[in-house]
Each structure stands twice: as C-alpha cells, then as structure tokens.
Amino acid sequence: GESVGLHLPTLSVQEGDNSIINCAYSNSASDYFIWYKQESGKGPQFIIDIRSNMDKRQGQRVTVLLNKTVKHLSLQIAATQPGDSAVYFCAEGAGYSTLTFGKGTMLLVSP
Amino acid sequence: GAVVSQHPSWVICKSGTSVKIECRSLDFQATTMFWYRQFPKQSLMLMATSNEGSKATYEQGVEKDKFLINHASLTLSTLTVTSAHPEDSSFYICSARRSSGIGEQYFGPGTRLTVT
C-alpha cells in the first residue's frame, strides 16, 4: 500500500534567484550520474548527466557539480523560473547496471 | 530524439480485472526497458528490468506472476497487472535505455492506474 506522512525535502526560491539542489550518492563505483526533473503527474525528464571523470558540466541554465571525495552531486539552476517548479531526482549508475535514484527534492519557485 | 510513450496515460479498472500498459521507444532502439512504480511524494521504485527477447528480471518483493512483462521488440515492452486490487493503484512509469550510449534512460509520461 501507499505510505503516508512522507515529505520530500523542499527548496523554496524566488523567481530569478539561483537554485542549488544537492544529492548524496552511495556507490563509490558509480561512473555516471544523471539529474531528472519530474513535474506533477508526468514521467521524469532528463536534464543533464556527468561522468565520474568530470567534476563539472554545464548545460542551458543548469550546472552539475560532482565531488567524488564526499560522494556529493549538486544541480545548480540559474535564474530560476516558475516553470522550473518540480521534483528533482539524482540518479547514479555503474556500467550498464540499473540506475539508483535518490529520494528527490521538490523545488518551489514563487513569482 | 529519445522519446518514450506510454499507453494508456490513465486507467480505471475494477478489482479482479487485468490491465495492460504499453511502453514504446519512438525514435530509438531500446534493448532494455525498465518498469517503475511511484507513490505520491516518493521516489521511483524499480519493479523489473525487461530485455528484448528474454525474460524480465524482477526486483525483490515484486510478484512476477502478478506483474507480467513482455519485451517482444526493440521498441515495445508491456506490463500487465493481473487480477488487480486497490493496493495496486499507483503511478507506473517505464523507461528505455538506448542500445548505445552511457546508459542514460529516457522515461515515458507514466500511467495512472486506479483500481476500484
């Protein structure tokens, strides 16, 4: 059955601010990481990925930072817009194994 | 590119009936597809991994006789929820992994199943 009383961590920002969403991963052998955005009632949408041999990768308005020493991943969104409001998941993978998803962070952007 | 579709997007069925959900990769070939279940405000829970032409691999605790998976081609996988019960009500999401690339998965839009 469904669990009740489970709340996602939430990050609330104002439109135009920069947002930073953090993720701790568990497997030191993971060699690639992906950030997904999931809007309510929809499937996750690929945002950006990074391989373990990199520590930074930039996309359009988004930057992913990887710190393998402390097994930490972050997603930075520049000039956050109301349309960025969603749940963001990090995922880690090794080789062709299945992805392991983090718990997710809800981003709320107020105008 | 990398579009994955699911059909239906939502379905309501009565207890005891079976429901089939289709997952298609529209513009790429996917040797492997995945089926996830998601409860409100929770992360995705992997149910099974589906490889084209072979039997699916189910995660621990997922009943293979209840959740039948067929991956008959490189672009289509189906999940059939047999003898559905209200506790099977959930959001079911499939994803497809390119036959090439680093292993990124592309997700379908999900199917909302409600069993009454």
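The values are calculated or read from the model by the stated rules, or taken from the named source; none is laboratory data. A quick note: this is a predicted structure, and the numbers were derived from the prediction, not measured. Every residue, glycine among them, receives a Cβ derived from its backbone with ideal geometry; neighbour counts consider all protein chains shown.
Only one of (1) closer than 25 Å to A:GLY95 by Cα; (2) modelled with pLDDT of 90 or more is not met by B:PRO109, so which one is it?
Among (1) closer than 25 Å to A:GLY95 by Cα; (2) modelled with pLDDT of 90 or more, B:PRO109 violates only (1).
Condition (residue is within 29 Å of B:TYR92 (Cα to Cα) and part of a loop (DSSP other than H, G, I, E, B)) applied to the stretch A:85-92: is it met by at least one residue?
yes
Looking at B:THR111, B:THR32, B:THR75, B:THR17, can you tell me which residue is at negative phi, in contact with a strand residue (DSSP E or B) (Cβ under 6 Å, 6 or more places away or on another chain), hydroxyl-bearing (Ser, Thr, Tyr) and away from chain A (no Cβ under 14 Å)?
The unique qualifying residue is B:THR75.
Can you spot a residue in the stretch A:13-32 that is hydroxyl-bearing (Ser, Thr, Tyr), in contact (Cβ under 8 Å) with a residue 24 or more places away in the chain, within 14 Å of chain B (Cβ to nearest Cβ) and touching a Cys at 6+ places or on another chain (Cβ under 8 Å)?
There is at least one residue in the stretch A:13-32 that is hydroxyl-bearing (Ser, Thr, Tyr), in contact (Cβ under 8 Å) with a residue 24 or more places away in the chain, within 14 Å of chain B (Cβ to nearest Cβ) and touching a Cys at 6+ places or on another chain (Cβ under 8 Å).
Of the conditions (1) away from every other protein chain (no Cβ under 14 Å); (2) assigned to a strand (DSSP E or B); (3) of a type in the set (A, V, I, L, M), A:ILE48 fails just one. Which one is it?
Unmet for A:ILE48, out of (1) away from every other protein chain (no Cβ under 14 Å); (2) assigned to a strand (DSSP E or B); (3) of a type in the set (A, V, I, L, M): (1).
Residue-by-condition table, conditions (1) at pLDDT below 95; (2) of a type in the set (Asp, Glu); (3) in a strand (DSSP E or B):
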{"residue": "B:GLY1", "(1), (2), (3)": "yes, no, no"}
{"residue": "B:SER5", "(1), (2), (3)": "no, no, yes"}
{"residue": "B:ILE12", "(1), (2), (3)": "no, no, yes"}
{"residue": "B:THR17", "(1), (2), (3)": "no, no, no"}
{"residue": "B:LYS20", "(1), (2), (3)": "no, no, yes"}
{"residue": "B:CYS23", "(1), (2), (3)": "no, no, yes"}
{"residue": "B:GLN29", "(1), (2), (3)": "yes, no, no"}
{"residue": "B:TRP35", "(1), (2), (3)": "no, no, yes"}
{"residue": "B:PRO40", "(1), (2), (3)": "yes, no, no"}
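What are the residues in the stretch A:87-103 that are aromatic (Phe, Trp, Tyr) and more than 7 Å from chain B (Cβ to nearest Cβ), if any?
Answer for the stretch A:87-103, where residues must be aromatic (Phe, Trp, Tyr) and more than 7 Å from chain B (Cβ to nearest Cβ): just A:TYR88.
Inspect all residues belonging to the stretch B:39-52 and state whether any of them is surrounded by fewer than 17 Cβ atoms within 10 Å (Cβ to Cβ), within 29 Å of A:SER30 (Cβ to Cβ) and aromatic (Phe, Trp, Tyr).
Among the residues of the stretch B:39-52, at least one is surrounded by fewer than 17 Cβ atoms within 10 Å (Cβ to Cβ), within 29 Å of A:SER30 (Cβ to Cβ) and aromatic (Phe, Trp, Tyr), which makes the answer yes.
Please specify each residue of the stretch A:40-70 satisfying the condition of being closer than 15 Å to A:THR105 by Cα and surrounded by fewer than 14 Cβ atoms within 10 Å (Cβ to Cβ).
The answer is A:SER40, and nothing else.
Give, as residue ranges, the strands (runs of 3 or more DSSP E) completely inside the stretch B:42-116 that count at least 1 residues that are free of Cβ contacts under 8 Å to residues at least 40 places away in the same chain and within 30 Å of A:PRO9 (Cα to Cα).
B:45-51
Among the residues that make up the stretch A:57-70, is at least one of them away from chain B (no Cβ under 13 Å), of a type in the set (Lys, Arg) and assigned to a loop (DSSP other than H, G, I, E, B)?
yes
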